[in-house]
1. Write out, first by first residue and then by second, each pair whose Cβ atoms fall under 9 Å of each other, whose residues are 6+ apart or on separate chains, and whose first residue, in segment 27-41, is under 9 Å from residue 54 (Cβ atoms) and touching a residue at least 12 places away in the same chain (Cβ under 8 Å) while the second is among the aliphatic types (A, V, I, L, M) and loosely packed, with under 15 Cβ neighbours inside 10 Å.
2. Of all residues in segment 12-45, how many are surrounded by 15 or more Cβ atoms within 10 Å (Cβ to Cβ) and under 11 Å from the mean Cα position of the chain (by Cα)?
3. For the structure I just gave you, tell me whether residue 18 is of a type in the set (Gly, Ala, Ser) and outside any loop (DSSP other than H, G, I, E, B).
4. For segment 46-59, which residues satisfy the criterion of being small (Gly, Ala, Ser) and open to solvent by less than 50 Å² (accessible area, probe 1.4 Å)?
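The values are calculated or read from the model by the stated rules, or taken from the named source; none is laboratory data. Every value quoted in this text rests on a predicted model; they were computed, and no experiment measured them. Here the Cβ positions follow ideal geometry from the backbone for every residue, glycine too, while neighbour counts run over all protein chains shown. Only protein heavy atoms, including side chains, enter the accessible area calculation; ligands, DNA and RNA are left aside. Shrake-Rupley method; radii C 1.70, N 1.55, O 1.52, S 1.80 Å.
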Amino acid sequence: MEESSPEITSFVVRFIHSGPPENTTLRGSILNVQTNQELPFLHWEEAVDFIRRFVRLSAGGEPPGEFPSQGS
């Protein structure tokens, strides 16, 4: 049986704030490393929607299924 290579999609998330975190609106940008596409966002949901263009996520924004433990 042939083992397939895992598909890797990487993102860089930058958060921008000009004061204490409790007093500022969450904003930033997200970059897809493989495609070099970048999106500025004012709401976290916009970043999650961007990620969904490349990776299938569950309704809660988490990857589907469980990750194997480090010891496996």
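1. The qualifying pairs are 32/12; 34/8.
2. Initial filter on segment 12-45 (surrounded by 15 or more Cβ atoms within 10 Å (Cβ to Cβ)): 27-32, 39, 41, 44.
Still in the running and under 11 Å from the mean Cα position of the chain (by Cα): 29-32, 44.
Residues meeting the conditions: 5.
3. no
4. Filtering segment 46-59 for residues small (Gly, Ala, Ser) gives 47, 58-59.
Of everything in segment 46-59, those that are small (Gly, Ala, Ser) and open to solvent by less than 50 Å² (accessible area, probe 1.4 Å) turn out to be 47, 58.
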